[in-house]
1. Collect the residues in region 357-391 that are within 16 Å of ligand 1 (Cβ to nearest atom) and part of a helix (DSSP H, G or I), keeping them in residue-number order.
2. Of all residues in region 296-318, which are hydrophobic (A, V, I, L, M, F, W, C), within 16 Å of ligand 1 (Cβ to nearest atom) and under 19 Å from residue 275 (Cα atoms)?
3. Looking at region 261-282 only, could you name the residues that are farther than 20 Å from residue 119 by Cβ and more than 13 Å from ligand 1 (Cβ to nearest atom)?
4. So residue 144 fits all but one of (1) modelled with pLDDT under 95; (2) out of contact with any helix residue (DSSP H, G or I) (no Cβ under 7 Å at 6 or more places or on another chain); what number is the exception?
5. Which one of the conditions (1) under 30 Å from residue 189 (Cβ atoms); (2) more than 14 Å from ligand 1 (Cβ to nearest atom); (3) touching a strand residue (DSSP E or B) at 6+ places or on another chain (Cβ under 8 Å) does residue 253 fail to meet, given that it meets all the rest?
6. Could you list, ordered by first residue, the pairs with Cβ atoms under 8 Å in which the first is in region 104-124 and among the aromatic types (Phe, Trp, Tyr) and the second is part of a loop (DSSP other than H, G, I, E, B), at least 6 apart or interchain?
7. Please go through region 398-413 and give me each residue that is of a type in the set (S, T, N, Q) and either within 14 Å of ligand 2 (Cβ to nearest atom) or in contact with a Phe, Trp or Tyr (Cβ under 6 Å, 6 or more places away or on another chain) (or both), ordered by number.
8. Which condition number in (1) modelled with pLDDT under 90; (2) loosely packed, with under 15 Cβ neighbours inside 10 Å; (3) not hydrophobic (A, V, I, L, M, F, W, C) is the one that residue 227 fails?
Amino acid sequence: MIKHARPPVQQVREPENWKPESWQRREALQQARYPDEAQLESAVRQLAESPPLVTSWEILSLREQIAEAQVGKRFMLQGGDCAENFNECTSPLITNRLKVLLQMSLVLVHGLQMPVLRVGRFAGQYAKPRSSDTETRDGVTLPSYRGDIVNAIDFTPEARVPNPARLIQAHASSAMTMNFVRALVDGGFADLHHPEYWNLSWVEHSPLAEEFQKIADNIGHSLRFLETLTGTDAGSLRRVDFFTSHEALHLHYEQALTRQVPRQWGWFNLSTHFPWIGMRTAAPDGAHVEFFRGIRNPIGIKVGPGMTADWVAQLLDTLNPEREPGRIVLIHRMGESRIEECLPPLIQAVEDQGSPVLWICDPMHGNTESTESGIKTRRFRRIMREMDLAFDIHRAAGSRLGGAHLELTGEDVTECTGGARDLSEADLNRAYKSTVDPRLNYEQSLELAMLIVQKYGQ
Ligand code: PEP
Ligand code: MN
């Protein structure tokens, strides 16, 4: 995220008839209805004057790294909360999330013997798509919670009214998170010589923690060996690159942070390095696709079981007409029971079109279910199996799975069942903290990283 060499500028055509506000001519799904338009406009004006959260050269550097992943030279690890909350913008939560991602990436670097592209689902993951506009409890119906950028989770009429002041708070909380992550990463926290910094205090005697320790020791020995051999200090390993991502759902917010920058052509969405289009807002003629068409960031597209080959082809035509490498990441999230049926035709469609994409698997969102008592959960076994199948399906199709997109946390939560400690449905009551989707905990995350290594090495 910092101190990237500036990559060469690729000169490609600017998209036609596009402005950051062009999306307003199209149907925008999943948007909040603000009671006071003037207040919304004023918040958007204030945001448009606010400093951006990332820079254009970081974005271009990420594009280069995605282009490398597209040709099999990197593996992408994207992970973090389903939704961030303003009251969780705290030092321990941010640090723990970073620790898990760093530990997982170390397992991947070691096992895959290739660089890992690290992307956090954080510093802006505040807007949530919902399956219904309203929520009813005990006969009372209120607007749905749409993420902290829009309204509050409490089930009261006041809390659920969309409030434009939250747009400003979302920007501020994203900036604080970003600032802290940048400082940690730059200040030596991500130093490969000291993976012991990444231990989570609450993890005791976990077999996976032990296994991780072995990998970390192994890397430590290799580093010292290299340094002795060359008589130099592997200085560049004292820090790693970290990029940010979120679902660019709230189009007024994204528009306000979309800017032109000196010495670059076109527009950059400077709210994040890597915005993605959610499954519910990927209509080719919809407002979200129109917004994404004009920004130069790399783009993620969630691909669910309902997506057809034609639909994917249209999205690629609209969003990457010049077939630029490093531009598109397709994040499939089919569910373990649908992936074998739904993924192959899409791989074929992309192949036929000849568009460069990076395929990554989100094994979380197609595997959400409710327990009998109504708790939203995911079975670890299904998550693992979808990941496993994804590798095999790509391999059989002559394609390649180049990354994973995960919902995880560094906290000791019990939200997904199964895993090393074989969490049961009864355990879900112990530490279920997510306000939206269930996340992998530390052990489940590491276990998944280890599975990826096993699969990839085959
Ligand atoms: C998400 O990533 O939190 C999400 C809502 O995903 P999807 O659009 O794939 O359902
Ligand atoms: Mn989610």
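The values are calculated or read from the model by the stated rules, or taken from the named source; none is laboratory data. Predicted model, so just to flag it, every value in this text is computed and none were measured. All Cβ positions, even for glycine, are placed from backbone atoms using ideal geometry, and neighbour counts span all protein chains on display.
1. Going residue by residue through region 357-391, those that are within 16 Å of ligand 1 (Cβ to nearest atom) are 359-370, 376-378, 382-383, 386-387, 390.
Across region 357-391, the qualifying residues are 382, 383, 386, 387, 390.
2. Residues of region 296-318 hydrophobic (A, V, I, L, M, F, W, C): 299, 301, 303, 307, 309, 311-313, 315-316.
From what's left, within 16 Å of ligand 1 (Cβ to nearest atom): 299, 301, 303, 307, 311-312, 315.
Across region 296-318, the qualifying residues are 299, 301, 303, 312, 315.
3. 261, 262, 263, 264, 265, 266, 267 - these are the residues of region 261-282 that are farther than 20 Å from residue 119 by Cβ and more than 13 Å from ligand 1 (Cβ to nearest atom).
4. Tallying (1) modelled with pLDDT under 95; (2) out of contact with any helix residue (DSSP H, G or I) (no Cβ under 7 Å at 6 or more places or on another chain), residue 144 fails exactly one: (1).
5. Condition (3) is where residue 253 drops out.
6. Pairs found: 122/81; 122/84.
7. Quick first cut of region 398-413, residues of a type in the set (S, T, N, Q) only: 399, 409.
409, the sole residue that qualifies.
8. (2)
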